[in-house]
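Written below as structure tokens is the structure these notes are about.
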Amino acid sequence: MKFGYFDDEKREYVITRPDVPLPWINYLGSKDFFGLISNTAGGYCFYRDARLRRLLRYRYNNVPYDTGGRYLYIRNNDTGQFWSPTWQPTKNALEDYRCRHGMGYTTIQSSYKGLEAAVIYFIPQGESLEVWDVRLKNNAENCVNYSLFSCVEFALWDAQDDATNFQRNFNIGEVEVEDGVIYHKTEYRERRDHFAYFACSAPLMGFDTQRAAFLGPYSGWDSPAVVKQGVSQDSIAHGWAPVGSHHVQFSLQPGEEVRLAFLLGYHENPQDEKFTAPGSQVIQKKYVKKTIKKYLKFDEIDAAFASLQETWSTLLDKFHVNTPDEETNRMVNIWNAYQCMVTFNMSRSASYFESGVGRGMGFRDSAQDLLGFVHIIPERARERIIDLAATQMESGGAYHQYQPLTKRGNNAVGSNFNDDPAWLVLAVSAYIKETGDLSILDEQVPYDNTPGSEQPLYEHLQRCVQYTLDRLGPHGLPLIGRADWNDCLNLNCFSDAPGQPFQTTTNKEGKTAESVMIAGLFVLEADELAGIAEASGLADDAAHYKQAAQSMRETVMAHGWDGDWFLRAYDDSGDPVGSHECKEGQIYIEPQGICVMAGLGLEDGRAEKAMDSVEERLATKHGVMLHQPAYTQYYLNLGEISSYPPGYKENASVFCHTNPWVMAAEAVLGRGDKAFDYYKRINPAAREAISEVHRAEPYVYAQTIAGRDAATFGEAKNSWLTGTAAWNFVAITQYILGVQPSFSGLKIAPVVPESWEGFSVQRMYRGVRYDIRVKRVGKGNAVQLKVDGEEIEGSVIPLAPKAVRKVTVEVKLGK
Ligand code: GLC
Ligand code: GLC
């Protein structure tokens, strides 16, 4: 069952009924100011940090779902009836409801009782404000008198404190209202230099800023007293819960239309110009008023919206495919790329499932997010790499997270996730392959943000590799530390006290438990660093890292092979994890995917065997599960992984992030049909028709799909903010379609289904537009390339001379 449809032409997903299984959301903003918006206008916005600079209050895990948002109420003043044109919070039975989630904007339209409404929500590029562009049209046969009420509820900035510290917070709320603009200035009197504002383009009949006055005693958002009565109270908040509500009145003749705009923004004043005059407590508004004035003009709004759309067109045009599969085209050309941008911006901070208060930017998460983003805006990827590397410790290890506002590593989750550093090498290598910019290696970057500790980025990478080599266990495999990529495989935790955090508790010294997954990752990492060294003319280093990779390969083949698949780990007692000897958790997905990607077992058939075992034991119609059998009880020696009920999260769900590793591994084996089959199983667009099962948005990947052991097999959770986005982009574009940036140029190595007669890719690469047309001429994956009409040897397109801006590549695939 579907709840909408894709409009690929407009790059939109159109939701045709408001009561989708979960709020289906979109993101606004692209650099400093962001908003989350659901299909019924729920959500919130924030400046840079979803926890520390939250503008709107949002009630996670509330009933009804999705409480708190950008609320509008329309009131027919002739009849007294009122409703919300975006459905929430009044939930009237709207006609012609449509929510169009697009690239950086959301439009919600509906009709009710003869009034047609459409609201476009977006953030103008480079600005810290949301525009709500509202159009109302009277389709009735008589003239009608209307009121329009807006209402947002302000968060008192720190979203965590806002939801807990009531003894203080009920006392501190402060606002100003000037020229019809509502200013939220809680804590501005002391150390903050920022405030929020909420403005309206039309003259006001009234306003409210005190929630209790707007709602009335014991009323909910669905029936505010002010809207019921049609009269604002002009309330001023002193403490309690500041809100912003405007009241506008107008009458519409039959067929007449009115357009209004609301602006919800964030502004910072210079410290010495916070107030109108020394001693005054009144906000200095001269700077912000310019911005407000500008964006209350409809031609400015139109121009800003057009420029947002143009920017997205340019960004998405950088990579365009045309394959025989519609859902592949849709994801690669639109939604997967878009999701990569969002994960790059948000890391794991704010979504419907991430409260924005819990996590900073993850080190490994951000490094992996880069893999799917680097071709979109390489300069921002470069900045991110430097930020990440600057949090690295001198040991080569990493804080697991850092705060976006300060860019410093945070100790909340600590460090010693022993896979973390490896991802930085992969990110830098992806950046260099994309851009050819070797100069990034010479950037002077500090350790742990400590002035004076600066070293070239290249040395940071060397320390990443060394970090692993300094931490090998009894079999010569990497020690796992707190956990590796699988945050929940806690082999040194041994936690038996309820409430103890698995992420930070370590009761064992950690000198025994080893990870085969990190070993495979190490081979990938060391090979990449060898490539970087070679590209930089450092032949000795290159040889050294190749040797390190080779010796790890041998160790894995000697101690990390279980007979039919790669082992997952050794636990603290030296017993295998992910082995046929185990009672549960006999086979894990991660080492199969990663080790085969790293080329392990290709010569002797073990790679193929591992992937066949994956198919036999882990693959389901809803994707490939993390391990099997699921853990049916808690294992002290394994930790959080066994804390989840079977089939959920790390306990044997389809943890989507890992599936692209399997696709890539199948591609490495040359098995295009299998690789693509796995791709389709978790492709959200391909699951649209089972939206009642999948339940999350059909346009973006989710972190998990409940596994076969779960009661809700096939149900997706934690949509949007997941490494799945980047890795699927890599799997489909680089491994399956086979367009791979390399140090020396674009490599073409498709491993697509046998039945495909061909496909084409247009891709920007190092400033050149490549027009690649692949035609199948026979079976298999052999390629023969013609570049601008000339046949070339091998599969790497030589870099184009400076003046050339466009290159045509014809590829004959198969023999
Ligand atoms: C979450 C984390 C990620 C981790 C994964 C597996 O997605 O953000 O860092 O690798 O879970 O546990
Ligand atoms: C939990 C989740 C895991 C996530 C981690 C991050 O352990 O199961 O997916 O990576 O929290 O803190």
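Listed values, structure above:
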| read-out | value |
| --- | --- |
| Solvent-accessible area per residue, Å², over the range 1-130 with all protein chains present [probe radius 1.4 Å] | 32 Å² |
| Ranked by how many other beta carbons lie within 10 Å on average, peptides 376-382, 525-531 from highest | 525-531, 376-382 |
| Three-way shape label, the range 467-614, alpha-carbon gyration tensor, a/c 1.5 | oblate |
| Rounded tilt (10° steps) of 420-435 against the dominant C-alpha axis of the chain | 80 degrees |
| Protein accessible area in the chain, 1.4 Å probe - carbon and sulfur % | 48 percent |
| Full-extension gain in nm, His238 to Asn410, via 0.36 nm per residue minus C-alpha separation | 58.4 nm |
| By average C-beta atoms within 10 angstrom, highest first, the peptides 130-141, 533-544 | 130-141, 533-544 |
| Inter-centroid distance (Cα atoms) of the range 759-777 relative to the range 361-375, Å | 25 Å |
| Separation between Cα centres of the range 667-686 and the range 595-629, rounded to whole Å | 13 Å |
| C-alpha long axis of helix 516-535 to longest principal axis of the chain, angle in ° | 90 degrees |
| Full-stretch length increase - Glu554, Ile377 - with 0.36 nm per residue and alpha-carbon distance subtracted | 59.9 nm |
| Members of Lys621/Lys717; Lys621/Lys747; Lys10/Lys680; Lys747/Lys802; Lys137/Lys290; Lys10/Lys318 lying beyond 25 Å, as alpha-carbon distances in this model show | Lys621/Lys747; Lys137/Lys290 |
| Heavy-atom surface of the range 650-719, accessible at 1.4 Å and reported per residue (Å²) | 22 Å² |
| The chain: angle of helix 336-346 to the longest principal axis, Cα-based, in degrees nearest 10 | 70 degrees |
| For the chain, alpha-carbon Rg over 2.2 N^0.38 Å | 0.99 |
| Rounded accessible area per residue of the range 322-383, 1.4 Å, Å² | 22 Å² |
| Cα-centre dipole for the range 98-213 with unit charges at Cβ (Lys and Arg positive, Asp and Glu negative), debye to 20 | 440 debye |
| Sites Ser219 and Glu581, calculated FRET efficiency, Cβ-Cβ separation with R0 51 Å, nearest 0.05 | 0.25 |
| Extension reserve of the Ile172-Glu754 stretch, reckoned as 0.36 nm per residue once the Cα distance is removed | 202.9 nm |
| Antiparallel content of DSSP bridges confined to the chain, in %, to 5 | 95 percent |
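The values are calculated or read from the model by the stated rules, or taken from the named source; none is laboratory data. In this text, all values refer to a predicted model and were calculated from it rather than measured experimentally. Counting neighbours? That spans all protein chains shown, and the Cβs are built from the backbone with ideal geometry, glycine included. Quick note on the areas: whole protein, heavy atoms, side chains included, nothing else; ligands and nucleic acids left out. Shrake-Rupley method; radii C 1.70, N 1.55, O 1.52, S 1.80 Å.
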